[in-house]
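What follows is calculated from the coordinates using simple rules that are stated; it is not laboratory data. Everything quoted here is computed from the prediction, not taken from an experiment. Note: ideal-geometry Cβ built from the backbone for every residue, glycine included; neighbour counts use all protein chains shown.
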Amino acid sequence: MALSIGIIGLSQSGRTTIFQAATGGGAASRPGEAAHVGIAKVPDARIDKLCGMFKPQKTTFAEVKYMDLGASVKSLAQSGVGGEALRELSNMDELINVVRAFEDDSVPHPQLTVNAGRDIEAMNLELTFSDLAILERRLGRIEQSLKSAKALERPKFLAEQELLGRLKAELEKDVPLRDVALDADEEKAISGYQFLSAKPLLIVVNIGEEDLSRAVELEKEFSGKFSGKGCRVIAMCGKLEAELATMDDESAAEFRSDYGLSETGLARTVRASYELLDLISFFTVGPDEVRAWSITAGTPAQQAAGKIHSDIERGFIRAEVVAYEDLIRLGTMAEAKKQGVLRLEGKTYIVKDGDIAHFLFNI
Ligand SMILES: Nc1nc2c(ncn2[C@@H]2O[C@H](COP(=O)(O)OP(=O)(O)O)[C@@H](O)[C@H]2O)c(=O)[nH]1
Ligand SMILES: [Mg+2]
């Protein structure tokens, strides 16, 4: 299943502009749905190289699903029957907060003035507020349950009450839950709540074209102030990215180099998203298809094989693995084999970013 990323932010901050740049402008809203959903291919130069080598009939990039929610968290909580939109947001793997830093008199700002730092803090507060409301409701219910709970059930409720109470105290100090140290059991105990402030957050500072020459500097400045565990900041010009996304590759590259940009905004966004989620890619190759697969760093080979098909995971025998750099250096699979860099790995082998894998299985 594709990784899903929810785009939030104040209105007129450039959410739709960036969403359209990310999905090549081709995203259509699904009928009956307020939010726009679009799939973006995860750009990866290694796939292009592998395609040159294997000339496959089909090329499949990893994919990311973006959802432009078209609202801030607060308005999501207030609108929507029974918080439907908020629930949708809480199902995302990651959030992107688009923050306006561009000056443009023709685009009204809901806060009247442009102040990216203020808006970042305001959205962080919206996330912690939303979580606080969920926590308080749950704590109220636990209290009710404790009144009539049987002796055997009490420890479970009391443990949850203690944990949620601790989280509540942090939220009240405006600390997002991703900053709270929890052990594995506690993580598991709260995972069902899908707390928004616990999700990885990518802050995209949407700068104006006139600030492009200072993009790196601005990114550093905002990163220093706002990045942290599970939270990163990148700066880009949404409007320029959206324009470049509609051009053919050659002209876009020319424009890009004029502006001193080496990579597309999408590539940077996706890479940052990947890093936040601790995702890596491995590849399968052949004349039929060259394909990228996303897994969490640290995934063992057998489980990685399950990404391709549950049968391969079930009947896993071993994996033939070669590192991307080795294959490119040697030019062919046959040469990789001859030079001894094509390895046989067992089910507990930890798959690395860029591994080219072929799984042998038997069912
Ligand atoms: N000057 C300038 N305008 C932008 C930029 N990004 C978005 N806009 C404009 O700001 C307005 C609001 O953008 P939109 O993406 O619809 O914002 P949303 O409400 O967050 O979805 C549109 O008129 C965009 O063209 C930018 O980087 N620079
Ligand atoms: Mg919009």
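Of note:
- Residues Ser106, Ser90, Ser11, sorted so that the one with the fewest Cβ neighbours within 10 Å comes first: Ser106, Ser11, Ser90
- Taking θ as phi - 60° and the Karplus parameters 6.51, -1.76 and 1.60, the scalar couplings of segment 120-126 work out to 5, 5, 4, 5, 4, 5, 4 Hz in sequence order, x denoting glycine and proline.
- Computed E for Glu275/Lys229 - FRET, C-beta separation, R0 22 angstrom, nearest 0.05: 0.95
- With at most 15 neighbouring Cβ atoms within 10 Å, loop GluC sites (Glu not before Pro) (DSSP) excluded, longest segment of the chain: 154-262
- Share of alpha-carbon pairs per 5 Å distance bin for segment 227-287, given as whole %: 4, 14, 22, 17, 14, 16, 10, 3, 0
- The chain - share of DSSP beta bridges that are antiparallel (%, nearest 5): 50 percent
- Relative exposure of Met67, Met53, Met236, judged by other C-beta atoms within 10 Å (fewest first): Met53, Met67, Met236
- Among the trypsin sites (Lys or Arg not before Pro) found in segment 145-194, those both in a DSSP coil and sparsely packed, with 15 or fewer other Cβ atoms within 10 Å of their Cβ, are Lys150, Lys173.
- Gained length - Arg314 relative to Met247, 0.36 nm times residue gap less alpha-carbon distance: 19.6 nm
- Placed amide H near Asp355: partners under 5 Å, 5+ positions off or other chain: Phe283, Tyr324
- Close amide-amide hydrogen proximity is noted between Val42 and Ala62, Glu63, Val64, each under 5 Å apart and 5 or more residues distant or on a separate chain (H modeled in the peptide plane; Pro and chain starts excluded).
- Proxy reagent accessibility, fewest Cβ within 10 Å first, across Ser145, Ser257, Ser273: Ser257, Ser145, Ser273
- Here segment 125-197 was treated as a single set of alpha-carbon atoms; its pair distances binned every 5 Å from 0 give 3, 16, 28, 25, 16, 8, 4, 0 percent.
- Taking the helices alone, the chain has a mean residue ellipticity at 222 nm of -13000 deg cm²/dmol, built from -39,500 (n - 2.57) per DSSP H run of at least 4 residues and averaged over all its residues.
- Segment 268-363: chymotrypsin sites (Phe, Trp or Tyr not before Pro) in DSSP loop, at most 15 other beta carbons within 10 Å: none
- Residues in segment 337-349 carry Karplus couplings, in order, of 5, 4, 7, x, 9, 8, 9, 9, 10, x, 5, 8, 4 Hz; the curve used is 6.51 cos²θ - 1.76 cosθ + 1.60 with θ = phi - 60°, and Gly or Pro positions show x.
- Pairs with C-alpha atoms separated by more than 24 Å, drawn from the list Lys199/Lys220; Lys55/Lys239; Lys65/Lys220; Lys225/Lys352; Lys188/Lys307; Lys65/Lys168, are Lys55/Lys239; Lys65/Lys220; Lys225/Lys352; Lys65/Lys168.
- Label point distance in nm, Ser257-Cys51, each placed 7 Å from Cα along Cα→Cβ: 2.1 nm
- Theoretical FRET efficiency, 1/(1+(r/R0)^6), r = Cβ-Cβ of Glu160 and Arg329, R0 51 Å, to 0.05: 0.40
- Ratio Rg/Rh, restricted to segment 271-363 and using Cα atoms, in which Rh is the Kirkwood radius: 0.97
- Taking the convex hull of Cα positions in the chain, its mean projected area over all directions (nm²): 22.7 nm²
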